[in-house]
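Below is one structure; the comments refer to it alone.
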Amino acid sequence: MLGLGVVPDRDAVQTLYANLLGSVVVVWALLRIVELLSVHALFDVVARTLFGT
């Protein structure tokens, strides 16, 4: 409709990874909200650095 192209069909593996990573993000966010510790911030920095590289 907007001329942006076609969305490809989803694969079962892509859906599995999206669900797994989504659940990890939700659990991590709840942990950071409920129990804010400096070690959690350190783990967050390390994870973001690894993801960025």
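Counting only alpha carbon atoms, the long axis of helix 12-34 and the longest principal axis of the chain meet at about 30°. Taking the 1.4 Å solvent-accessible surface of the chain as the whole, the part contributed by carbon and sulfur is 72%. Applying both filters, DSSP loop and at most 11 other Cβ atoms within 10 Å, to the trypsin sites (Lys or Arg not before Pro) of the chain gives ARG10. The modelled label-to-label distance between VAL26 and THR49, using points 7 Å beyond Cα along the C-beta direction, is 3.0 nm. Across the chain, counting alpha-carbon atoms alone, Rg and Dmax equal 16.2, 48 Å. As a calculated quantity, the FRET efficiency between LEU16 and VAL39 at R0 = 35 Å, using C-beta atoms, amounts to about 0.70.
The values are calculated or read from the model by the stated rules, or taken from the named source; none is laboratory data. Because the structure is predicted, anything quoted here is derived from the model rather than measured. Ideal geometry is used to build each Cβ from the backbone, glycine not excepted, and the neighbour counts take in all protein chains shown. Calculation scope for accessible area: heavy atoms of the full protein, side chains included, ligands and nucleic acids excluded. Shrake-Rupley method; radii C 1.70, N 1.55, O 1.52, S 1.80 Å.
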